[in-house]
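Everything below concerns the one structure shown next.
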Amino acid sequence: MVKSILEGKTVVLGVSGGIASYKAVDLASKLTQEGATVKVVMTANATKFVGSITFQAVTHQPVLTNLFEDSSQSAISHVSICKDADIFIVAPATANIIAKAAHGLADDALSTALLTASCTIVMVPAMNSQMWLNKATQHNLNVLKNRGIQIIEPEVGRLACGDEQAKGRFPETEFILNYMKDFLGKVQSLRGKTILITAGGTREPIDSVRFIGNRSSGKMGYAIAKAAKTKGANVILISGPTNLQPPFGVSMVYVETAQQMLQAVINNLSQADAVVMTAAVSDFRPAMKSNKKIKKESMPSSIELELNPDILEAISNKKDKQLVIGFAAETDNVLENATKKLKKKKLDLMVANDVSHPDFGFDSDFILAAFISDYGQQGSLEKYRKTELAEKVVEWIASKLA
Ligand SMILES: Cc1cc2nc3c(=O)[nH]c(=O)nc-3n(C[C@H](O)[C@H](O)[C@H](O)COP(=O)(O)O)c2cc1C
């Protein structure tokens, strides 16, 4: 018999109080049958829909329902339940638990356990369609998504309240199981690997309020960090100033200048298996910097610049076993220039991107990009969503590190 990807995995199943709570019993049972250790944590309201004893019976594990249970008597607590968890799935997720998780509330066993989780969290909302469509619920879901929490959207169909063809229905157990298997399959591909990523633009101060910067938004690097984290990697994200939320579970190092970015890269290089340089590092910095705001009258008519360190070149010289992936933003002869850079900087992969078109590149969700490998082979420039390109880059890294 083919071994299930769920075999040996630890799944925390959070059950909140909705009409679909009883369907979580089937999910708990199937997960257990496929070889997972399923640890159930229920809200008090969920126990009004289905008894904890049912989950205990199908999972052969104690069930956590009470935050204040005497921990010396109980085999699990809100703190220990997530230990060694591969995935935390909340199914069904009520509008209430979604709101609580979005705001970091911790007033019962499930909401508190969610705050202790360092594994991937998946939520399966199920509710009346008006509750689903409510702006508050949608806002809370967006907050969770931006934090890296996966949401399995409810299905359209008949709801318990009697509505027909309305969105809010709990998906079939098979669908959720397949989602989890697919996810855990991908998760494994970078487990135990450390990926170092740089993102955003650097700022080179002229004085205490002005700087030389660039239009990089950081979206590409943040998307790669999220994709690598989703595949189970330890991710260190060295970021210039951006407006982006740090991806869930990623170690952030915030920097401002190219010199600080170089130092942060060097500090973390030895523990990395792969380095992805998406940051737009300023080539120059002002030769002199004032610690105070320069008065308009005293501002020189020209600013003398000096060269910044080339971080990719520094990595090539210092690296040991690491794969090094660069991003080259070009406006002319994109593939030719990117290929030259790949060879000069001895990279394993260069992602050439054409930033001559206003709809692509900096600050856009889309990118016109081509892969150039260490053999100098050129793909053609294609339009990608940045999240899609991030997946491709991470898959390439996983295939090389396998
Ligand atoms: C019969 C009944 C069915 C309910 N079904 C749902 C539901 O499907 N989804 C939902 O978000 N809330 C549903 N609710 C409301 C939740 O039970 C309520 O918001 C509760 O506070 C959720 O608590 P919990 O998130 O702590 O489990 C239902 C309530 C009742 C009485």
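Of note:
- Residue match in region 69-81 (condition: in the same structural domain as Ala24 (by TED's automatic domain parsing), assigned to a helix (DSSP H, G or I), within 15 Å of the ligand (Cβ to nearest atom) and in contact (Cβ under 8 Å) with a residue 12 or more places away in the chain): no
- Residue selected from region 143-162 under the condition small (Gly, Ala, Ser) and open to solvent by less than 40 Å² (accessible area, probe 1.4 Å), by the criterion nearest to the chain's Cα centre (by Cα): Gly148
- Looking only at region 83-93, and only at residues there that are in contact with a Lys or Arg (Cβ under 9 Å, 6 or more places away or on another chain) and not acidic (Asp, Glu), the one that is nearest to the ligand (Cβ to nearest atom): Pro92
- Candidates Ala46, Ala28, Ala36: the one that is among the aliphatic types (A, V, I, L, M), closer than 20 Å to Ala57 by Cβ, in the same structural domain as Ala109 (by TED's automatic domain parsing) and within 15 Å of the ligand (Cβ to nearest atom) is Ala46.
- Residues in region 305-347 that are open to solvent by less than 70 Å² (accessible area, probe 1.4 Å) and in a loop (DSSP other than H, G, I, E, B): Asn308, Pro309, Asp310, Lys319, Gln322, Lys345, Leu347.
- Flag for Ser301 being loosely packed, with under 14 Cβ neighbours inside 10 Å and assigned by TED's automatic domain parsing to the domain that holds Ala227: yes
- Scanning region 282-296 for residues that are within 12 Å of Glu306 (Cα to Cα) and either of a type outside the set (A, V, I, L, M) or surrounded by 15 or more Cβ atoms within 10 Å (Cβ to Cβ) (or both) returns Ser282, Asp283, Phe284, Arg285, Pro286, Lys289.
- The condition of being within 15 Å of the ligand (Cβ to nearest atom) and without any contact (Cβ under 8 Å) to a residue 12 or more places away in the chain holds for only one of Gly162, Gly168, that being Gly162.
- Residue match in region 194-203 (condition: in contact with an Asp or Glu (Cβ under 8 Å, 6 or more places away or on another chain), closer than 25 Å to Leu269 by Cα, buried (at least 23 other Cβ atoms within 10 Å of the Cβ) and hydrophobic (A, V, I, L, M, F, W, C)): yes
- In region 377-395, the residue that is farthest from Gly192 (Cα to Cα) out of those that are out of contact with any helix residue (DSSP H, G or I) (no Cβ under 6 Å at 6 or more places or on another chain) and open to solvent by less than 40 Å² (accessible area, probe 1.4 Å) is Gly379.
- Count of region 18-54 residues which are in a loop (DSSP other than H, G, I, E, B) and crowded, with 20+ Cβ neighbours inside 10 Å: 3
- Set Ser118, Ser4: member being in contact (Cβ under 8 Å) with a residue 12 or more places away in the chain, touching a Gly at 6+ places or on another chain (Cβ under 8 Å), away from the ligand (no atom under 16 Å from the Cβ) and not assigned by TED's automatic domain parsing to the domain that holds Leu159: Ser4
- Conditions (1) charged (D, E, K, R); (2) at pLDDT 85 or above; (3) more than 24 Å from Ile19 (Cα to Cα); number of the one not met by Lys186: (2)
- Put simply, of Ser364, Ser399, Ser302, Ser356 the only residue that is hydroxyl-bearing (Ser, Thr, Tyr), part of a loop (DSSP other than H, G, I, E, B) and at pLDDT 90 or above is Ser302.
- Restricting region 163-202 to residues that are of a type in the set (Lys, Arg) and within 25 Å of the chain's Cα centre (by Cα) leaves a set whose member that is farthest from Ser216 (Cα to Cα) is Lys181.
- Failed item, numbered, when Gly213 is tested on (1) open to solvent by 30 Å² or more (accessible area, probe 1.4 Å); (2) under 12 Å from the mean Cα position of the chain (by Cα); (3) small (Gly, Ala, Ser): (2)
- Region 356-374: number of residues that are open to solvent by 30 Å² or more (accessible area, probe 1.4 Å) and not polar (S, T, N, Q): 11
- Test result for Ala113, within 29 Å of Ala227 (Cβ to Cβ), within 13 Å of the ligand (Cβ to nearest atom) and either within 24 Å of the chain's Cα centre (by Cα) or not in a helix (DSSP H, G or I) (or both): yes
- Annotation note: Cβ proximity below 7 Å between a residue of region 33-47 that is on the phi < 0 side of the Ramachandran plot and among the small types (Gly, Ala, Ser) and a residue that is within 16 Å of the ligand (Cβ to nearest atom) and open to solvent by 10 Å² or more (accessible area, probe 1.4 Å) (sequence gap 6+ or interchain) occurs for Ala44/Thr65; Ala44/Asp108; Ala46/Gly17.
The values are calculated or read from the model by the stated rules, or taken from the named source; none is laboratory data. All figures in this text were calculated on a predicted structure; none of them were measured in a lab. With ideal geometry, Cβ positions are generated from the backbone for all residues, glycine too; neighbour counts draw on all protein chains shown. When the accessible area is computed, the model is the full protein with side chains, heavy atoms only, and any ligands, DNA or RNA have been set aside. Shrake-Rupley method; radii C 1.70, N 1.55, O 1.52, S 1.80 Å.
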